[in-house]
Amino acid sequence: MLLRRKGKPRFSRETALTAYPVRNRSLEYQRLESGELAITVRRRSELWARLLSKVFVVPRQRQVLLDEVGADIWELCDGEHTVRDLVAHMARKYQLNRKEAEVSLTTYLRNLGKRGLVGFAVPAAPKEGELAHAKSKHR
């Protein structure tokens, strides 16, 4: 299930760590020679956005630049790596302790989410009957 910003659901820390960050598929991006990543965000085409652009000068697109660390994380937001996987990657690659990596990464991903650059796929919690069935299978 892909979550959107509207409802602002609250999750436990454990649930958040099992979420899969997913890049917004409508964005274009490219890695620059400097190691940074340039993301192109196009103006929305809904009626209200078009009307607003008649009153205010609104560019058709804008660019968001991610530094080298941000670019590494962006490329791992592919829906196949959990937040926990990204924390382990950051801790290993940038020689951080796990808590430092977790705090930095979750803050960064939250900011990307607020800007609409990534969403989060959260695994569905098993229903009560399914949980009991799964436990009995593993015994």
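The values are calculated or read from the model by the stated rules, or taken from the named source; none is laboratory data. As the structure is a prediction and not an experimental result, all values here were calculated from the model. Here Cβ is always computed from backbone atoms with ideal geometry, including for glycine, and neighbour counts include all displayed protein chains.
How about the range 107-139: which of its residues are β-branched (Val, Ile, Thr) and modelled with pLDDT of 95 or more? Can you show your working first?
Quick first cut of the range 107-139, residues β-branched (Val, Ile, Thr) only: 107, 118, 122.
Scanning the range 107-139 gives Thr107, Val118.
Out of all the residues in the range 104-127, which are loosely packed, with under 13 Cβ neighbours inside 10 Å and in contact with a helix residue (DSSP H, G or I) (Cβ under 9 Å, 6 or more places away or on another chain)?
Result: Pro123, Ala125, Pro126.
Which of the residues that make up the range 90-118 are of a type in the set (D, E, K, R) and in a loop (DSSP other than H, G, I, E, B)? Reasoning before the result, please.
The first filter runs over the range 90-118 and keeps only residues of a type in the set (D, E, K, R), leaving 92-93, 98-100, 102, 110, 114-115.
Within the range 90-118, Arg115 is the sole residue that qualifies.
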